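All of the numbers you see were taken from the coordinates with simple rules; none came from a lab. Values in this document were obtained by computation on a predicted structure and should not be read as measured data. For neighbour counting, all protein chains shown are included, and Cβ atoms are generated from backbone atoms with ideal geometry for every residue, glycine included.
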Amino acid sequence: MFNRREFLKRSSLLAAAPFVPGFVANTAMAAEPGKDTVLVILEMTGGNDGLNTVVPVNDDDYHKNRPTIRVQKSNSVAFTDDLVLHPSLRSMAQLIQKSQVSVVQGVGYPNPDRSHFESMDRWQAGEPGPKVGGIGWLSRSVPDLQRGADGGVPIMHIGSEKLPLACRGTTQGIFTINQEQPFELKLGRPGSAQEKSRKALLADLSQGSLVDDQESLLSFVQKRHLQTYSSLEKLKEVLKENQLPNQQLAYGTPGTNLYLKMDLVTKLIQKGFGTRVFYLAIDGFDTHSQQDRAHSALLQQIGDSCLNMFTRLQQSGDDKRVLFMTYSEFGRRVKENGSAGTDHGAASSMFVVGPGVKGGAVGKHPSLTDLDDGDLKHHTDFRRVYATLLDEWLDVDSKTVLREKFEHVDLLRKRT
């Protein structure tokens, strides 16, 4: 038995620092599994055409402005009396029947910017002004997400792209999983006595068998993030499962990158890894020409991946504590261009999916005649959606994250 000071002097793990991935120094044991709510966020990069995603199919002005790329009611997905979804979202029909799909309409921010980079920064910083800070809105939520969960790995970014601004600006609680380059926990040469002794030390720490001053030493160990070993091994196991060749998956687009990412998220939730927020992205929504085929393929990936996730989560009983949210940096212009595509616009829509939503449309569809220089006008600030999910779903103080209080949108069922 030894105390904290002796631990610092004698721990052979300190000598392993050069071999340990950087995020081990920035994350701790996952939260207690199976109890916390989870939010899965999908960034639709490039500016999704919300008007062809959630369609006011009975509005004559829609058909006049979209003679080539309009969605026909006959092959669409029924949603409300006045709205249909793009036919490539057909997988969503099962979830719609269960009232598990909500669409927040007319979402945007004041004085919209039509630059991909500027607009995306505003969404990810949670600041609609022309100059945003370097700390993302999710990063600002980390302290509350970690509270009561013994540290944890509250936010996980899954993808090969660089860490998004939404997740930047904090030194702990967030890391990236790149499935193309899976990490290894390196504690020495594989099979060496050094590696074995360091793994044994970590195992002893996780069991508390080296502790005489239980409270102070365990607190120190958590702060130094040495109890991540069991979580990392669990993560390696899940990653290995997701890389099996010829994996047989259930729905229409199992070979897609998004499908595999969301399948990984599903497994991490089911395995009880403890992450509260998962962040993913799918690119390709900058559809200036020949939009129909590309847009259809992207939406099908989203619909199929979403249905697969919730179907499997229902089987494990985890579905009721998970929500799936989509957003894009802006929508597209109302009138199609001369290349059978659409150009950068402003207001758009957001999906929020899961048993925790009320289902249906939230807010009215923006007018197709009362426009802002050819663009839909927003009536719902995106920070109202963030605030609703922070306060009512993640139990995070939205005022701390967004720096002011925002009225919630009528989106979620009351939690029991």
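Computed over every Cα-Cα pair of the stretch 86-133 and binned at 5 Å starting from 0, the pair-distance distribution P(r) comes out as 4, 18, 19, 12, 9, 13, 15, 7, 1 percent. Charge tally around residue 43: other residues with Cβ under 11 Å, Lys/Arg +1 each, Asp/Glu -1 each, net -3. Every Cα-Cα pair of the stretch 338-392 was included, and the share exceeding 14 Å stands at 65 percent. Placing dummy labels 7 Å off each Cα toward the beta-carbon, the span from residue 68 to residue 115 is 2.9 nm. Listed cross-link partners 35/162; 35/196; 64/131; 98/399; 73/358; 364/405 are compared with a 26 Å cut-off, the Cα-Cα value being larger for 35/162; 35/196; 64/131; 98/399. If the Kirkwood radius is taken over C-alpha pairs of the stretch 365-410, then at 4 °C and 1.567 mPa s the Stokes-Einstein diffusion coefficient equals 109 µm²/s. Close amide-amide hydrogen proximity is noted between residue 375 and no other residue 5 or more places distant or on a separate chain, at a cut-off under 5 Å (H modeled in the peptide plane; Pro and chain starts excluded).
Does the stretch 270-370 classify as rounded, prolate or oblate by the C-alpha gyration tensor (a ≥ b ≥ c root eigenvalues; a/c under 1.5 gives rounded; else a/b over b/c gives prolate, otherwise oblate)? It is prolate, given that a/c is not under 1.5 and a/b is the larger ratio. What nm value, rounded to one decimal, do you get for the distance between residue 192 and residue 399 when each label is placed 7 Å out toward the C-beta? Computed distance between label sites residue 192 and residue 399 equals 5.4 nm. Sorting the segments 370-377, 68-75, 395-402 by their residues' average number of neighbouring beta-carbon atoms within 10 angstrom, most packed first, yields 395-402, 370-377, 68-75.
How large is the dipole of the stretch 47-161 about the Cα centre if only Lys and Arg carry +1 and Asp and Glu carry -1, each at its Cβ, rounded to the nearest 20 debye?
It comes to approximately 200 debye.
Beyond 23 Å, the tail of the calculated P(r) for the stretch 40-149 holds 48 percent of the Cα pairs.
The local environment of residue 402, defined by Cβ-Cβ distances under 9 Å, has a net charge of +3 under the rule Lys, Arg +1 and Asp, Glu -1. Label zone (residue 78, point 7 Å along Cα-to-C-beta; backbone nitrogen cut-off 15 Å) within the stretch 349-373: 360.
Counted by Cβ distance under 13 Å from residue 96, the other residues give a net charge of +3, where Lys and Arg count +1 and Asp and Glu count -1.
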